[in-house]
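The values are calculated or read from the model by the stated rules, or taken from the named source; none is laboratory data. Predicted model only: the values in this text are computed from it and were never measured. Reconstructed Cβ throughout: ideal geometry from the backbone, glycine too, with neighbour counts over all protein chains shown. The accessibility values were calculated without ligands, DNA or RNA, using every heavy atom of the protein model including side chains. Shrake-Rupley method; radii C 1.70, N 1.55, O 1.52, S 1.80 Å.
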Amino acid sequence: MTTSIPSIPYSVLDLAPVCEGSTPAQAFANSLDLARNAEALGYTRYWLAEHHNMPGIASAATAVLIGHVAGGTSTIRVGSGGVMLPNHAPLQVAEQFGTLASLYPGRIDLGLGRAPGTDQPTARALRRYFDSADQFPADVTELLRYFAPAQPGQLVQAVPGAGIEVPVWLLGSSLFSATLAAQLGLPFAFASHFAPDAMDQALAVYHRDFRPSRHLQQPYAILGLNVIAAETDAQARRLFTTAQQAFVNLRRGAPGKIPAPIDDIEAYWQPHEKAGVERALACSVVGSPQTVREGLAAFIDRHRPDEIMIAANIYDHAARVNSYRIAAEALAPAQAA
């Protein structure tokens, strides 16, 4: 019996993973190849996330990598999931994304986060974060002003940026960003793919408190979801051990390049580590095409997102592309219907 999946857009979240034995240059080539495949498979947008001092993540210079991917594709939306705004001056972000939107009109998204995207020593090295995190709401408002048409007598303009349509999203894993997105009338993306605890409450707050704005008339929420798909459940579960190991390594204070999958994850982690990883990765669908179809249907039916953003931390690039293909084939009939 075919499982029915509600028709919603589906998108890609990419961290430009650097796998063991590989290089950032290969990661960038893989990201572009994945984006081209995602475009052909009907994915709506392709977002890249800002992280720093992470040997396994090459998307630190997020705006630069967005330009690389947008330049190598033609229709898919490309954006940040997200830029960590406290690390940057709002004017510089407006200029960067005004430039991207001028080069690739109608295809650029700007997702904003409040976290540093790194550890404390690196946050200090970034100079701005500890002075700016508390100013996040004001910085978002300032950034939105730079995208508005320039006014007579305006002393500081984003060039390019002023008067350019760049959709701004707020990202988060707490009620703070949900509340701010609702107050400002902005679309909201929740990081349920690695921090799902407050997901339902954040969605409820966002929908309850949403105020229509010139940016958005009705609330629009994306939920992150890990989808690891393969030809069989056993193959997918083995691929998933890459993400599980990476989370254990991060919690051990030893983040490294993306590890190859292993046969026995139970031998790798301690019971308390297993509990923590399973909680963090609770929003995951892992399995064969039928298992993935059923899991996607259940997740969408339960949480009712307007869109899902699929993450797939898979070691082998061909297996990663195949996983996104299986997910798209499960979702595409629903979207077409």
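Give the residues of region 66-94 whose amide nitrogen is closer than 11 Å to a point set 7 Å from the Cα of residue 103 in the direction of its Cβ.
Flagged as within label range: 66-72.
Keeping all protein chains in position, work out how much accessible area residue 103 exposes to a 1.4 Å probe, and write it in Å² to the nearest 10.
Around 110 Å² of this residue is reachable by solvent.
Run the helix sum for the chain: -39,500 (n - 2.57) per DSSP H stretch of 4+ residues, divided by residue count, reported at 222 nm to the nearest 500 deg cm²/dmol.
Working: 12 runs with 148 residues, N = 337.
One gets -13500 deg cm²/dmol as the mean residue ellipticity at 222 nm.
Taking 2.2 N^0.38 Å as the expected size of a compact globular protein, what ratio does the Cα radius of gyration of the chain give against it, to two decimals? Before the final figure, lay out each step's value.
Working: Rg = 19.3 Å, N = 337, 2.2 N^0.38 = 20.1 Å.
Dividing the Cα Rg of the chain by 2.2 N^0.38 Å gives 0.96.
What distance in nm separates the two pseudo spin-label positions at residue 329 and residue 134, each 7 Å out from Cα along the beta-carbon direction?
My value for the distance between the label points is 5.4 nm.
Compute the helix-to-body angle for 62-71: its Cα long axis versus the longest principal axis of the chain, expressed 0 to 90° and rounded to tens.
Between helix and principal axis, roughly 80 degrees.
Counting each pair of different Cα atoms once, what's the Kirkwood radius of region 262-301 in Å, rounded to one decimal? Let's see the in-between values first.
Numbers: mean 1/r = 0.0851 Å⁻¹.
One over the average 1/r among Cα pairs gives 11.8 Å for region 262-301.
Between residue 53 and residue 275, what is the label-to-label distance in nm when each label sits 7 Å out along the Cα-to-Cβ direction?
For the pair residue 53/residue 275, the computed spacing is 2.9 nm.
DSSP loop trypsin sites (Lys or Arg not before Pro) in region 247-297 with at most 13 other Cβ atoms within 10 Å of their Cβ, which ones? Before the final figure, lay out the partial values.
Working: sites: 251, 252, 257, 274, 279, 293; in loops: 252, 257.
Here the trypsin sites (Lys or Arg not before Pro) that fit, given the DSSP loop and packing criteria, are 252.
So if I take the alpha carbon set of region 1-148, get Rg, then get Rh from the Kirkwood formula, what is the Rg over Rh ratio? Provide the component values of the computation, followed by the final result.
Working: Rg = 16.3 Å, Rh = 16.2 Å.
My calculation puts Rg/Rh at 1.01.
Express in nm, to one decimal, how much length is gained between residue 141 and residue 298 on full extension, taking 0.36 nm for each residue of separation and deducting their alpha carbon distance.
Numbers: separation 157, 0.36 × 157 = 56.52 nm, distance 3.67 nm.
Gain on stretching residue 141 to residue 298: 52.9 nm.
Stretch residue 267-residue 155 to full length: gain in nm at 0.36 nm per residue minus the Cα-Cα span? Display every interim value, and only then the final one.
Details: separation 112, 0.36 × 112 = 40.32 nm, distance 6.12 nm.
34.2 nm is the gain from fully extending residue 267 to residue 155.
Charges at C-beta only: +1 for Lys and Arg, -1 for Asp and Glu. How large is the resulting dipole of region 117-263 about its Cα centre, in Debye rounded to 20? Write down the numbers at each step before the final one.
Details: 12 positive and 12 negative charges, 49 e Å.
With Lys and Arg at +1 and Asp and Glu at -1, about 240 debye.
In debye, nearest 20: dipole of region 1-117 around its Cα centre with unit charges on the Cβ of K, R (+) and D, E (-)? Please report the intermediate quantities before stating the final value.
Details: 5 positive and 7 negative charges, 44 e Å.
The calculated dipole for region 1-117 is roughly 220 debye.
Starting from the Cα of residue 200, move 7 Å in the Cα-to-Cβ direction to define the label point; list residues of region 285-327 whose amide nitrogen is under 16 Å from there.
298-305
Computed from the mean reciprocal separation of all distinct C-alpha pairs, what Kirkwood hydrodynamic radius does region 1-67 have, in Å? Each step should come with its number before you reach the end.
Numbers: mean 1/r = 0.0760 Å⁻¹.
Radius from the Kirkwood sum: 13.2 Å.
Taking only Cα atoms, what is the 0 to 90° angle, nearest 10, from helix 90-103's long axis to the longest principal axis of the chain?
70
State the answer as a single residue: which of 332, 66, 310 lies farthest towards the positive end of the charge dipole of the chain, with beta carbon charges of +1 for Lys and Arg and -1 for Asp and Glu, about the Cα centre.
Value computed over the given set: 66.
State, in angstrom, two size descriptors of region 145-232 derived from its alpha carbons: Rg to one decimal place and Dmax to the nearest whole number.
16.6, 63
Considering the dipole of the chain built from charges on the beta carbon (Lys and Arg +1, Asp and Glu -1) around the Cα centre, which of 169, 27, 136 is farthest to its positive end?
The one lying farthest along the dipole's positive direction is 136.
Taking the Cα centre of region 240-337 as origin, sum charge times position over the Cβ atoms of Lys and Arg (+1) and Asp and Glu (-1), and report the length of that vector in debye to the nearest 20. Working shown, then result.
On the way: 10 positive and 11 negative charges, 51 e Å.
Value, rounded to 20: 240 debye.
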